[in-house]
Ligand SMILES: [Zn+2]
Ligand SMILES: [Zn+2]
């Protein structure tokens, strides 16, 4: 099981509708997945209830377990 920790303060992030939220930093994060083969950002697909990722550079599906994920701060408008 992967823990979702804040890249700023290492405390556990809380899931909120559209993304992750750090109560301590008052910042929202979104999870971005990168291709394990070419390191490009991948598109998240939800098929059959299981999340998987598609790399437009490799032009193929990548399994969630191989994806490298990173939390990226969301800018509020
Ligand atoms: Zn934090
Ligand atoms: Zn790729």
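The values are calculated or read from the model by the stated rules, or taken from the named source; none is laboratory data. Everything numeric in this text was worked out from a predicted model, so none of it was measured. Cβ sites come from the backbone with ideal geometry, for glycine too, and all protein chains shown count toward neighbours.
Brief remarks on what is shown
- Residues in the range 10-37 that are away from ligand 1 (no atom under 14 Å from the Cβ) and surrounded by 12 or more Cβ atoms within 10 Å (Cβ to Cβ): 30, 31, 32, 33, 34, 35, 36, 37.
- So residue 2, is it at pLDDT below 90 and assigned to a loop (DSSP other than H, G, I, E, B): yes
- Residue 66 outside any strand (DSSP E or B), exposed (fewer than 11 other Cβ atoms within 10 Å of the Cβ) and out of contact with any strand residue (DSSP E or B) (no Cβ under 8 Å at 6 or more places or on another chain): no
- Selection status of residue 7, in contact with a strand residue (DSSP E or B) (Cβ under 8 Å, 6 or more places away or on another chain), surrounded by 12 or more Cβ atoms within 10 Å (Cβ to Cβ), modelled with pLDDT of 95 or more and part of a loop (DSSP other than H, G, I, E, B): no
- The residue list 35, 9, 48 contains one member that is on the phi > 0 side of the Ramachandran plot and either within 14 Å of the chain's Cα centre (by Cα) or away from ligand 2 (no atom under 11 Å from the Cβ) (or both), which is 48.
- Per-region count, the range 45-63, residues loosely packed, with under 10 Cβ neighbours inside 10 Å and part of a strand (DSSP E or B): 3
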